[in-house]
1. Name the residue that is surrounded by the most Cβ atoms within 10 Å (Cβ to Cβ), counting only residues in segment 60-80 that are over 15 Å from A111 (Cβ atoms) and in contact with a Gly (Cβ under 7 Å, 6 or more places away or on another chain).
2. For segment 35-59, how many residues are touching a residue at least 40 places away in the same chain (Cβ under 8 Å) and either surrounded by 19 or more Cβ atoms within 10 Å (Cβ to Cβ) or under 21 Å from K122 (Cβ atoms) (or both)?
3. In segment 164-197, which residue that is assigned to a loop (DSSP other than H, G, I, E, B) and either acidic (D, E) or open to solvent by less than 40 Å² (accessible area, probe 1.4 Å) (or both) is farthest from F98 (Cα to Cα)?
4. Within segment 143-153, how many residues are over 17 Å from N164 (Cβ atoms) and in a strand (DSSP E or B)?
5. I'd like the full set of residues that are in contact (Cβ under 8 Å) with a residue 24 or more places away in the chain and among the charged types (D, E, K, R), limited to segment 1-34.
6. Name every residue in segment 73-87 that is out of contact with any helix residue (DSSP H, G or I) (no Cβ under 6 Å at 6 or more places or on another chain) and at pLDDT 90 or above, in order of residue number.
7. Just the residues that are part of a helix (DSSP H, G or I), touching a helix residue (DSSP H, G or I) at 6+ places or on another chain (Cβ under 9 Å) and under 19 Å from M15 (Cβ atoms), please, taken from segment 26-42.
8. When Y23 is evaluated against the numbered criteria (1) modelled with pLDDT of 95 or more; (2) open to solvent by 30 Å² or more (accessible area, probe 1.4 Å); (3) among the hydroxyl-bearing types (S, T, Y), which criterion, by number, is the only one it fails?
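The values are calculated or read from the model by the stated rules, or taken from the named source; none is laboratory data. For clarity, every value in this text was computed on a predicted model and none was experimentally measured. All Cβ positions, glycine included, derive from the backbone under ideal geometry; neighbour counts span all protein chains shown. Side chains are part of the model used for accessible areas, which takes the heavy atoms of the whole protein and leaves out ligands, DNA and RNA. Shrake-Rupley method; radii C 1.70, N 1.55, O 1.52, S 1.80 Å.
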Amino acid sequence: HKVLVIDDEKATLTMFGLFLKAYGYTVFTADNGERGLALLEAETPPIVFTDLKMPGMDGFDVLRSIKRNHPATEVIVITGHGDMDLVIQALNLEATDFINKPVTRQALDAALKRAEARLTEKRSDTARPKGAEIKLKEAGAIVRIDIRGTLGQESRAALREAFNKTRGEMKGVVLHFEINAAVNGAGIGELARWLAELRRRQTRTAISGLSNNFQTIFDMVGLGRYADFFPTAEEAIQALSAG
């Protein structure tokens, strides 16, 4: 229940502190990257929020250091609405989520739920290999691919195996992201490759369960042209079945 927030804006630190304490977290705050990393070493919080644009050591340097020394830490980057290109850079460095300024309680609540779900998954299944857990389910002529955890470089083989099993006669493929799912830069690249392959095969595709944050990123990098988005897997399956 420890959370570290790193941001050079005092108002942002105060707001995070109020919200997070109301949720029952023990909150540590730092107004620059160096102090943030010192607190990380001293307190080892499993969740870190860090601003990307800071004087001196910026959020990218903080992120690199955290992932090098504490790779299991959930790092959620804080950025402005117009800085989606910076978010993509952060995802390439294995950030697992992002939150936009001005931060709302609803967005913070959603980001925390996703982070806690990923941490619970890590604690409950320590023997499972790194990377996302990918499972296939058949729903008539529709194949559903469920994704849990962080989809990244370590998931390439499992993702390739899943998509190879979708070959053959079928109406479509649904990619369903569980609440604890995250996608880093390598994962986005792999998804782009396989979604393009499904289009080449003329297989209809839908994506469900994706957070609003990642739906924004998927649209920005062009993945939205390969698939329609749905809130639930059931709605996605129904839409593909009717098509």
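1. Only one residue tops the list, namely V62.
2. 11
3. Here the residue is E169.
4. Residues that pass the stated criteria total 2.
5. The answer is K2, D7, D8, E9, D31.
6. I78, L86, V87, listed by residue number.
7. Result: G36, single match.
8. Of (1) modelled with pLDDT of 95 or more; (2) open to solvent by 30 Å² or more (accessible area, probe 1.4 Å); (3) among the hydroxyl-bearing types (S, T, Y), only one is false for Y23: (1).
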